[in-house]
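Single-structure report; data block below.
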Amino acid sequence: MNSFFRFHRRILKMQGVRRGALDHARARVMIISATFALFYIFIAVRAFDLSIIQYRVNDGVEPYVAAATGGTYRADIVDRNGVLLARTLETASLYADPKMIPDPESVARDIVGVFGDLSFDDVLALLRRQNRFVWVRRNLTPQEQYDVLRLGHPGLSFIAERSRVYPQGHLAAHLVGYTDVDGRGLAGIERSFDEFLAKGGQKPLALSLDIRLQHILHRELSAAIQKFSAQGGAGAIIDIATGDVLAGVSLPDFDPHAPGQSNAENRFNKLTLGVYELGSTFKVFSTAAALEKLDLSMAHRFDAREPLQRGRFRVSDFHPQKRVLSLPESFMHSSNIASALIGEMVGTQALKDFYSDLGLFTPMALEIREIGRPLLPPRWREINTLTAAYGHGIAVTPLQMMVAAAGIANGGIRVEPTLLYDRPVREGGSVPDVRIVSERTAHRMRQLMRLAVTDGTGRQADIPGYRVGGKTGTAEKIGERGYDRRRLISSFVGFFPMEAPRSGVFVMVDEPRGTRETFGYATGGWVAAPTAGRIINAMAPLVGVEPDFALSQDGRDPSASLKRYISHGE
C-alpha cells in the first residue's frame, strides 16, 4: 500500500516538472510573438507616417515644386536690339527638415553665416517648428548653394525651382519691373504683361528701350544727383516721331532681384507715377497756345519792368530784366511776367482746352500700370490761368511733360508714347495723326527753343554741332506753409537737331543744392541743362546724328532769324 502511494507521488511530481517546463516554453513563445507583433506594428506605423502623414505635411509644397519645375518657362524680355532684360532660370531653393536637426542653434548659426541678411532668431524659430518642411531661402546663387553644401547638415536639402533673373540689374528696374518668388509679375512690364509672359514660348517680349541709352541716362542723372546732393530725379529719352521711349530712369532705384529689401521710396517710379509742378518748361505750352490761337507776332512786346499785380497776387521774375521784352526775349529769359500776360491774353478756357489737347489733364496712356494722375486746381480761377502759363499750380508726370513738348517739336503731331518695340495696331487700323498745332507754330516754337539754348537760360545744354533746343524749368515745392524757396524741382526739356528734331531728352532733379561752381544756384539752367547736354553729346552717335557745324557757320541756325526781334532797349 505504501509503495503504491510512493509511486503515485512520483508520477505527480514528474507531471508537475513537465507542466512547468511546458508553461515556461509557452511563456517564451508568447514573448517572441509579442516582440514580432510590436515589430510589425512599428513597420505599419512608419509606413503610415511616410505615406500619409509626410504626404500631408508636404501638401502644398509638392504641387508648387511641380509647377515650378514643370510646364513652360516665363518668356524673356529684351530691349529693341535684342539685349536680354529678363529671363527665367532654374535655381536651387533651400529647405529644412526640423526633425532631422538635433542641434537647431548650431545649424541656425551656420545658416546665418552663409546668408548674412537673415536673423538668427528667425532661422532658429524655423528650425524649432514641429512640421517636417520649412523654407529657409529660395532661389540661391550657385555660390550660396555650394556654401550650404559645405556645412554638411543632413537636415538641409534643396529643391529645384525657377527664378526670374535681370541681367541689367537696377538699370531699368522701374520700367521692366519684377516678379514675386512664385513668378507672378508685381510691377512694370512684368505686371502689365504677366499673362502673356507666363505663357512662355520662343518669342521674347521686345521693349522700345535701348539699353545703351538707358545706361547713358542713368549715369549722367546719377552724377547730377550726387554732385548737387539731391533727393532723386527722373529722366527720359524718346523718339519724337514714333513715341518710342528709348530710355527712362527714376532715381533712387532698386535691385529687381530683391525688391523687398529696398524701401518704398526707391521702388516709387518718379518718371511715370510721380506728379510735380515743373515750372518754366510749361512756357513751351503757353507760348505755343498764344502763337496758335492768337497768331501772336514775334515782335509783340511785354512790359516786364515791374512785377505783375493781380488782386492780392503778385507775379515776379526770378532774374528780372526790368524792361520791355519782345516775345523771343521773354522766352529765352524765362519771364514769368510775360508768360502770365500770355495766359491772360489766351484766356482761361482756351488755355485749358489747349493743355487738355496736349494730354496734360488726364493720366497718360502707357503699357505699365504705374501712371500718375495730374493734379489740377480744384477750382480754376483767373489767377490759375496766369500761374499755369508758367508752370505753377498744375502737376504732371515727367514723362507726360516730355511727351507733350515732343508733340510741338515734331511738327505739331500729338505723340502716343510706348514701351513696346513692335506696338500692336489697334482695332480699326492705325491711329490717325492728331494735330496739336500747325506746322508754322511748331516751326516758330523750334526757333524759340533753340534761342533759349543759344542765348537764354539753357545755354549750358548747347552742344556744338547738334543745335540743341529746349527750355529750362525751376519750380518751388510745396511745404507746410506754402511754397518753399529752398526746395526746388530743376528740369530741362530739349530736342535735337533743332531744324529737324528726332530725339527728345528730359531731365528732372529733385531738391538739388547749389555748389560753389554754380555760385549757389540750383535752378534748371545750372543743374538740369548741363546734364541734358552731356546726355545728348553721348547719345547722338548711337541714334545716328552726326555733328554738323555748317548751319551755324552760314547763319542758317534755327534761332538766327529771331535775333532781329531782340531789343536791348525799352
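The values are calculated or read from the model by the stated rules, or taken from the named source; none is laboratory data. Note that this is a predicted model, so its numbers are computed, not measured. Methodologically, a virtual Cβ is constructed for each residue, glycine included, from the backbone with ideal geometry; neighbour enumeration extends over all protein chains shown.
Hey, can you tell me all the residues within the range 506-548 that are of a type in the set (Val, Ile, Thr), part of a helix (DSSP H, G or I) and crowded, with 22+ Cβ neighbours inside 10 Å?
We begin by selecting, within the range 506-548, every residue of a type in the set (Val, Ile, Thr); these are 507, 509, 515, 518, 523, 527, 531, 535-536, 543, 545.
Adding the requirement that they be part of a helix (DSSP H, G or I) leaves 531, 535-536, 543.
Result: 531, 535, 536.
Here is a check on your reading of the model: is residue 343 of a type outside the set (S, T, N, Q), under 20 Å from residue 408 (Cα atoms) and outside any helix (DSSP H, G or I)?
No; evaluated as a whole, the condition is false for this residue.
So residue 141 fits all but one of (1) touching a Lys or Arg at 6+ places or on another chain (Cβ under 9 Å); (2) polar (S, T, N, Q); (3) modelled with pLDDT under 90; what number is the exception?
In the conditions (1) touching a Lys or Arg at 6+ places or on another chain (Cβ under 9 Å); (2) polar (S, T, N, Q); (3) modelled with pLDDT under 90, residue 141 misses (1) alone.
If a residue has to be outside any loop (DSSP other than H, G, I, E, B) and either surrounded by fewer than 21 Cβ atoms within 10 Å (Cβ to Cβ) or within 27 Å of the chain's Cα centre (by Cα) (or both) to count, how many in the range 251-301 make the cut?
Restricting attention to the range 251-301, the residues satisfying the condition of being outside any loop (DSSP other than H, G, I, E, B) are 251, 259-261, 264-267, 276, 279-293, 301.
Now drop any that are not either surrounded by fewer than 21 Cβ atoms within 10 Å (Cβ to Cβ) or within 27 Å of the chain's Cα centre (by Cα) (or both), which leaves 251, 259-261, 264-267, 276, 279-282, 293, 301.
Final tally of qualifying residues: 15.
I need a count of the residues in the range 364-419 that are touching a Pro at 6+ places or on another chain (Cβ under 6 Å) and of a type in the set (Gly, Ala, Ser).
Looking only at that region, the number is 2.
Taking helices (runs of 4 or more DSSP H) that do not extend beyond the range 68-185, which have at least 2 residues that are buried (at least 20 other Cβ atoms within 10 Å of the Cβ)?
Output list reads 104-114, 120-127, 173-176.
Select from the range 549-560 the residues that are surrounded by fewer than 14 Cβ atoms within 10 Å (Cβ to Cβ) and among the small types (Gly, Ala, Ser) and write down the one among them that is modelled with the lowest pLDDT. Let's see the steps before the verdict.
Keep residues of the range 549-560 that are surrounded by fewer than 14 Cβ atoms within 10 Å (Cβ to Cβ), which gives 549-550, 553-556.
When the remaining residues are screened for being among the small types (Gly, Ala, Ser), the result is 550, 555.
Values: 550: 74, 555: 58.
Only one residue fits best here, namely 555.
How many residues are touching a helix residue (DSSP H, G or I) at 6+ places or on another chain (Cβ under 8 Å) and either outside the structural domain of residue 411 (by TED's automatic domain parsing) or basic (Lys, Arg) (or both) if we restrict to the range 459-507?
Residues meeting the conditions: 4.
Identify the residue in the range 459-492 that is in a loop (DSSP other than H, G, I, E, B) and more than 28 Å from residue 414 (Cα to Cα) and, among all such residues, is nearest to the chain's Cα centre (by Cα).
The extreme case among them is 480.
Looking at (1) over 30 Å from residue 515 (Cβ atoms); (2) assigned by TED's automatic domain parsing to the domain that holds residue 255, which one does residue 218 not meet, given that it meets all the others?
Result: residue 218 passes all but (1).
Do we find that residue 414 is charged (D, E, K, R), closer than 29 Å to residue 352 by Cβ and crowded, with 21+ Cβ neighbours inside 10 Å in this structure?
Numbers: charged (D, E, K, R): yes; closer than 29 Å to residue 352 by Cβ: yes; crowded, with 21+ Cβ neighbours inside 10 Å: no.
No; evaluated as a whole, the condition is false for this residue.
Has the range 375-382 got any residue that is on the phi < 0 side of the Ramachandran plot and crowded, with 22+ Cβ neighbours inside 10 Å?
no
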